[in-house]
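Bear in mind that the values in this text are calculations on the coordinates, not laboratory data. Predicted, not measured: the structure shown is a model, and the values here were computed from it. Positions of Cβ are backbone-derived with ideal geometry, glycine not excepted, and every protein chain shown enters the neighbour counts.
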Ligand code: FAD
C-alpha cells in the first residue's frame, strides 16, 4: 500500500520524472500511457494543479497520507517562476479576515507605531525562507493588525475559519519548517525544500489547464492549488492579486532582519541573498518589475540600513499574492453530462502561504482521503 510520488511507501522508489508536453489541451492519451501503464486497478489517480509551495506540499502530504494513489503535479510554471519563489519567507501567523492571531502560544512583537523608531531588529537564523527567532514559545512573530485597513475586505465576504484551526495550520507549518531548518539540507532552502519535496521529483507535467474538466477521465480526483489561477479555473471572483515587488541583493554583512512597523519596508537576510521589500498593490496584475518601485524600495531600505548602499547584484522580482477572504479548503463535486469529478480546492493564501502551507496541505490531504474513500465505497461512490 503506497502512493507513487516523491515518497512512495511500499511500492518502491520510482525515478523522478519531469514530463514536458506539447500535446493539445484535450489530449491526455499520451499522458495516460506515460503515467498509468503499471497502475494497479484500485490506485486512485490524483492530479494536483499548481506547483507553488501550496501545490507541492499538498502533493507530498497526499503521497504520505493517502494509501494507494498516484499523484501527478500539473502546472504551467514551476520553481523558480512561481509567486512562492518571490516570498521573503517570513513566518507570520496571518489570520485571514475577521480574526486576531494574538492569542496564547504566540509571542508577539509590538505593532505599528508602538516601538522605537517603528522598526524592529531581531536575531534571525541565516536560513533563506525561514526566520525563526527563539523566545519562550520557540518563535517570535509579528502581530496581525485587526484594525488594519489593507486589504479592504467587506465583512459580508468573510469566510469563517476558526482561529484555533488557523493556529493549528501555523504550528504544523512551523514544526515542519523547524525540522528542515535543523536538517543537513537547510542551506539549500527554496520552494522545493520548504514544500517537503526536496528535489526528489515525482510526476510533474508542465501544462496550462484552462478547464478542470480537461483532467477527466484521466484522473479520479483533482486538487486545485492554482493560487490566483483559481479566478479562472474555479470561477472564483473573490480571489484577486496583491502585487509585491522586492529586490534580491548581495549584502552578506547584513545578518539581522529589519522590518518597519507597517511591514511595507523590510530587509530579510537569507542564505543566498537579502530580500528588500516591498510593495502591496491591490488589484495590480503587472508581473514586470517597475523601475520606480525598485528605486523607492532601495531608498526606504537604505534609510533603515545605510550599509545597503553598498549592496550588489540587485535583482528585481515580482509576485502576485493570491488574496481571498479566507483560504478555500473545500471539496466540490463537479458534474457535467452525467459525469462527476471530485475537486478539492486549496488556494487563496494571500500573504501567508509560506507560513501556513504545511498545515493547510495536511487538511487538503485529509479531504482527498475522504474522496478516495468515497470512490472505493460502493454506496458513497454512487453519490460521487
Ligand atoms: P503560487 O506560488 O502562485 O502557485 C500557483 C501555481 O499554480 C503556480 O505553479 C502556477 O503556475 C499554477 N497555475 C496557476 N494557474 C494555472 C493553470 N491554469 N494551469 C496550470 N497551472 C496553473 N508568505 C509568507 O508566509 N511569508 C512571507 O514572508 C511572504 N512574503 C511574500 C513576499 C512577496 C513579495 C509576495 C509576492 C508574497 C509573499 N508571501 C509570503 C505570500 C506567499 O508567496 C503566497 O501566499 C504563496 O506563495 C502562495 O502559494 P501558492 O502555491 O498558492 O501560489
Rg to Rh for region 209-325: what is it, with Cα atoms only and Rh by Kirkwood?
1.12
Give the residues of region 322-343 whose amide nitrogen is closer than 16 Å to a point set 7 Å from the Cα of residue 375 in the direction of its Cβ.
331-335, 339-343
Starting from the 7 Å offset along Cα-to-Cβ, what nm value, one decimal, do you get for the label separation of residue 65 and residue 339?
2.8 nm
Starting from the Cα-Cα distance between residue 76 and residue 312, subtract it from 0.36 nm times their residue separation and give me the gain in nm to one decimal.
81.8 nm
P(r) tail for region 250-384, what percent of Cα pairs lie past 21 Å?
59 percent
With label points built 7 Å along Cα→Cβ from the Cα atoms of residue 255 and residue 218, find their separation and express it in nm.
5.1 nm
What is the distance in Å between the Cα centroid of region 239-281 and that of region 312-383?
28 Å
Sorted from fewest to most neighbouring beta carbons within 10 Å, what does the list 373, 346 look like?
373, 346
